[in-house]
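A quick write-up on the structure given underneath.
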Amino acid sequence: MPYRMNVLLCGGTGCVSSGSFNLKLDMEREIERKGLKEEVQVIATGCQGFCAEGPIVIVQPDGVLYCKVTPKDVPILVEEHFLKGRPLQKLLYTPPDETAPVPTLNTIPFFAKQKIVVLRNRGLIDPERIEDYIAADGYMALAKALTEMTPEDVISEIKASALRGRGGGGFPAGIKWETCRHAAKKQNAERMEQLTKEAGGDRFTKPLTQRPIEPVVICNADEGDPGAFMDRSIIECDPHAVIEGMTIAAYAVGARRGFVYVRQEYPLARKRLEKALEQARALGLLGENILGTKVEFDIKIVQGAGAFVCGESTALMASLEGKVGEPRAKYIHTVEYGYKDGPSLLNNVETLANIPLIILRGASWFTSMGTGDVSENPWGGSTGTKVFSLSGTVNNTGLIEVPMGITLREIIYDIGGGIPRGRDFKAVQTGGPSGGFLPAQFLDRSVDFDSLNDAGTMMGSGGMVILDEGTCLVDSARFFVKFLADESCGKCVPCREGLRRSTEILDRIVEGKGRDGDVEILEEMGEVMQDCCLCALGTSAPNPVLTTIRYFRDEYECHIQDHKCPGGVCKDLISYYINPDRCDGCHACVRACPTNGILGEVKQAHSIIESKCIKCGACVEVCKRDAVMHA
Ligand code: SF4
Ligand code: SF4
Ligand code: SF4
Ligand code: FES
């Protein structure tokens, strides 16, 4: 019998770390105690996207969303809502700067402007139950591909969809698939030709001792960008979508083996993927004779080697082979000669999760979302949607999915709820650590591959960091350059030395020791790295520096010439004071200060003892009246 109420409790990593698994047990116990076991079921779902407000609970069919639910709330929640049908006001979401809570999921601005395609099953199914995925049309696309389409038809459909790789490069997936299929055919033909030649020119008829060359399908789940969690969340909320996408890809290119190269730091994603693989095998959706056809394919999970550079295609394949994860020159493409020198189709998690819906609903449905004209050329625009992890100084941080072509302003202000505490927006960084920073003049820029590239940044895999007025762009660029310097494999000189020297220069600028000409050296080094580095890590690494110089050059000059940090971040260049006109003597800063460096009576203006201040910024963070200023 169907349940009267489904309680969807977020079981994504963010909410799990806030205690959602224990919450589930508490809820189930309380539901049983109230005699509701036959009427109310609790389902642990994947990430619902609203991670900063977790643990998240959604009650269906009412569509009511609860935030920050704790074990203490369970008895009253069960009593009031599950039993008496009265939503519990105190746990509803209240948007920033508003007083009235918003009761339902669909009316919360964070969700209302999103376009959900890849995350279609987020929060709706139990990711650990294949039955739930199948009930949501799961594996229908695979059945359609295997029984109604030839591999060439599948490739044509993906080409027509103009789906571009979501891992960063934006290369059209259909073209990659086609190249991979042709590469295997070509290499087998070449081998036969060679054998024929060795047999003295007669047609080679003896049985082959070697197996024919077969491509492999590899899913890149080595999401290394700091703060990014798109791929982890997709796997956690819908692992079968990735498996189905990989299996369709395998059929299209003629592969029988696949790998998911997944980060070591993603234990929950790995566990769900392992369980999903077992379930798919048990139902004949993986292995030999998939769905009763002659198609054979299986997937192995491989744990990543823990290096950022292993997300790069050639390094990833070296690591898969058990070698050191170092990139190699890509004049030979991995799609032709990749894993163990065979044709290798590498797509990331989000790209593959798009595949089942494209096959099921058709390429024209997919191209109805997005920008540009892709009717003749897949590079002509950006189709479909993009998943981003929204973080930084924005009210609603979390995981979002938006149509290509949405503006940055819509993402930051409508979905993200704007900048906390009424502060001003300063910059947005897209594209992960080697992405660029864009100032307010780009807020109305369309979010798509080409528009972001034109502005000097990139789509990347989907990290989006919002920075407010209290940010120093020189320091932010330094942070990412330092990260990349640590992660550079060191194989080629421009990257290894360019990143080290850039870090040294940025270090001295933020310490107030910058010299005339430093900015020009940074620019010159950046250009050399873009031209000469061996892999994409190096060629894109100067982006943080080059975009901050391009759009925030005055900040560099202020540090070097005036020895001041306009963002009030660089410790050597600032001192704090309390504005007596704003201070109401709430004493919060006194409690937060680790050095007892603030004096003042309650309800009277406070002051900072400069000799005791270590410039930790704790008082700035806690002051609700923005009374702590920097000079
Ligand atoms: S560009 Fe950097 S990460 Fe890439 S191969 Fe060269 S040193 Fe290694
Ligand atoms: S937290 Fe702000 S308002 Fe409160 S005492 Fe300190 S400076 Fe004054
Ligand atoms: S910056 Fe840190 S050390 Fe200085 S006054 Fe504020 S809380 Fe105290
Ligand atoms: S982990 Fe729960 S909402 Fe993201």
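The values are calculated or read from the model by the stated rules, or taken from the named source; none is laboratory data. Keep in mind that this is a model prediction, so the values were computed, not measured. Using ideal geometry, Cβ is built from the backbone for each residue, glycine included, and neighbour counts are taken over all protein chains shown. When the accessible area is computed, the model is the full protein with side chains, heavy atoms only, and any ligands, DNA or RNA have been set aside. Shrake-Rupley method; radii C 1.70, N 1.55, O 1.52, S 1.80 Å.
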- Message: For the stretch 567-614, give me each residue that is in contact with a strand residue (DSSP E or B) (Cβ under 6 Å, 6 or more places away or on another chain) and either more than 27 Å from SER476 (Cβ to Cβ) or of a type in the set (S, T, N, Q) (or both).
- Response: ASN579, VAL590, ILE598, LEU599, HIS606, SER607
- Message: I'd like the full set of residues that are out of contact with any Phe, Trp or Tyr (no Cβ under 7 Å at 6 or more places or on another chain), surrounded by 13 or more Cβ atoms within 10 Å (Cβ to Cβ) and aliphatic (A, V, I, L, M), limited to the stretch 600-619.
- Response: ALA605, ALA618
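Residues checked against (1) at pLDDT below 95; (2) in a strand (DSSP E or B); (3) surrounded by fewer than 20 Cβ atoms within 10 Å (Cβ to Cβ):
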{"site": "LYS300", "(1), (2), (3)": "no, yes, yes"}
{"site": "GLY306", "(1), (2), (3)": "yes, no, yes"}
{"site": "GLY325", "(1), (2), (3)": "yes, no, no"}
{"site": "TYR331", "(1), (2), (3)": "yes, no, yes"}
{"site": "GLU350", "(1), (2), (3)": "no, no, no"}
{"site": "ILE355", "(1), (2), (3)": "no, no, no"}
{"site": "ILE359", "(1), (2), (3)": "no, no, no"}
{"site": "SER364", "(1), (2), (3)": "no, no, yes"}
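Could you please find all residues in the stretch 531-550 being among the polar types (S, T, N, Q) and more than 11 Å from ligand 1 (Cβ to nearest atom)?
ASN543, THR547, THR548
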- Quick check: is even one residue across the stretch 583-590 near ligand 3 (Cβ under 9 Å from one of its atoms) and assigned to a loop (DSSP other than H, G, I, E, B)? no
- Query: Here are some residues: CYS51, CYS47. Which one is touching a Ser or Thr at 6+ places or on another chain (Cβ under 6 Å), buried (at least 16 other Cβ atoms within 10 Å of the Cβ) and either more than 29 Å from VAL402 (Cα to Cα) or touching a residue at least 60 places away in the same chain (Cβ under 8 Å) (or both)?
  - Reply: CYS47
- Message: Of the conditions (1) without any contact (Cβ under 8 Å) to a residue 60 or more places away in the chain; (2) under 25 Å from PHE50 (Cβ atoms); (3) of a type in the set (S, T, N, Q), THR334 satisfies every one except a single condition; which number is it?
- Response: (2)
- When you go through ALA100, ALA145 one by one, which is the residue that is free of Cβ contacts under 8 Å to residues at least 60 places away in the same chain, aliphatic (A, V, I, L, M) and either surrounded by fewer than 21 Cβ atoms within 10 Å (Cβ to Cβ) or part of a helix (DSSP H, G or I) (or both)? ALA100
- Out of all the residues in the stretch 550-599, which are buried (at least 18 other Cβ atoms within 10 Å of the Cβ) and of a type in the set (Ser, Thr, Tyr)? TYR551, TYR556, TYR576
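Condition check ((1) in contact (Cβ under 8 Å) with a residue 60 or more places away in the chain; (2) buried (at least 24 other Cβ atoms within 10 Å of the Cβ); (3) touching a Cys at 6+ places or on another chain (Cβ under 9 Å)) across all residues:
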position	(1), (2), (3)
GLY381	yes, no, no
GLY384	yes, yes, no
PRO403	yes, no, no
TYR413	no, no, no
ARG421	yes, no, no
LEU443	no, no, no
ASP450	yes, no, no
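Specify which of the listed residues (LEU36, LEU8) is under 23 Å from SER233 (Cα atoms), open to solvent by less than 70 Å² (accessible area, probe 1.4 Å) and either touching a Leu at 6+ places or on another chain (Cβ under 9 Å) or assigned to a strand (DSSP E or B) (or both).
LEU8
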- Subset of the stretch 590-621 [polar (S, T, N, Q), on the phi < 0 side of the Ramachandran plot and more than 10 Å from ligand 2 (Cβ to nearest atom)]: THR595, SER611
